1. Take the alpha-carbon positions of the range 94-151, form their convex hull, and give its projected area averaged over all directions (one quarter of the hull surface) in nm².
2. Quick check: pseudo-label points 7 Å beyond the Cα along Cα→Cβ at residue 119 and residue 37, how many nm apart are they?
3. Between residue 136 and residue 30, how many nm apart are label points set 7 Å from Cα along the C-beta direction?
4. Considering only DSSP beta bridges whose two residues both sit in the range 1-127, what percent are antiparallel, to the nearest 5?
5. Divide, for the chain, the radius of gyration over alpha carbons by 2.2 N^0.38 Å, where N is the residue count.
6. Project the alpha carbons of the range 90-203 onto their principal axes and report the range along each, largest first, in whole Å.
7. Fully extended, how many nm does the chain gain between residue 94 and residue 163 (0.36 nm per residue separation, minus their Cα-Cα distance)?
8. Per DSSP H run of n ≥ 4, the term is -39500 (n - 2.57); total these for the chain, divide by its residue number, and report the mean residue ellipticity at 222 nm rounded to 500 deg cm²/dmol.
């Protein structure tokens with residue numbers, strides 16, 4: 001049995017990120033699912049692991065429980081350095097983090113399940129309104145991400161050079177999430193080219209929501 005236990009939900013894009021990172025590192029892990037629609041992540045047992053009540057969380061044997069997908073991925077990159085998910089210089093790492101944070105800090109937080117639930121429950125926003133909200137914020141971030149990836153010389157087959165890393169993991173998970181809300185991919189040819197390069201790899205394929213044991 002692996003010392004790594006991933007507490008996650010199959011459709012959570014933040015969970016997709018960590019699954020992809022674990023797969024890219026070739027790490028075995030135990031999969032513990034939580035049905036977010038049934039509020040299983042709000043159970044006393046899970047809140048004892050992660051008081052924020054969000055997924056994913058990575059349990060590392062008896063040593064620690066890590067939360068927040070970006071922190072988990074950077075831990076994995078430092079603890080298991082091969083293959084690297086971050087470039088070698090400080091300036092390059094700053095670029096990769098900034099690309100990842102367009103999704104991780106600007107698009108995802110305003111579009112995740114608890115936000116969509118809140119605007120529905122508190123303000124009566126209907127399904128079509130929630131989808132429009134999602135598409136607006138996804139497009140706002142992706143327009144900037146597409147421009148940068150298309151123009152910056154550091155972009156290669158992947159977001160930064162010839163191998164997938166932190167920024168690609170975030171891009172991949174967000175493209176999958178966008179498809180659920182019918183975000184038009186046509187304005188983002190560079191993003192979609194990189195997505196397809198990622199999707200050709202088993203590490204990403206195996207992280208997809210439909211390939212998880214709790215998928216329905």
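1. 4.1
2. About 2.0 nm, to one decimal.
3. About 4.4 nm, to one decimal.
4. Looking only at bridges with both residues in the range 1-127, the antiparallel portion is about 65 percent.
5. In units of the globular-protein estimate, the chain measures up at 1.00.
6. Taking the Cα atoms of the range 90-203, the three principal extents are 46, 28, 26 Å.
7. Working it through step by step, the gained length comes to 23.2 nm.
8. Computed ellipticity for the chain at 222 nm equals -15500 deg cm²/dmol.
None of the figures in this text is laboratory data; all of them are computed from the coordinates on show. What you see is a predicted model, and the numbers here were worked out from it, not measured in a lab. Cβ sites come from the backbone with ideal geometry, for glycine too, and all protein chains shown count toward neighbours.
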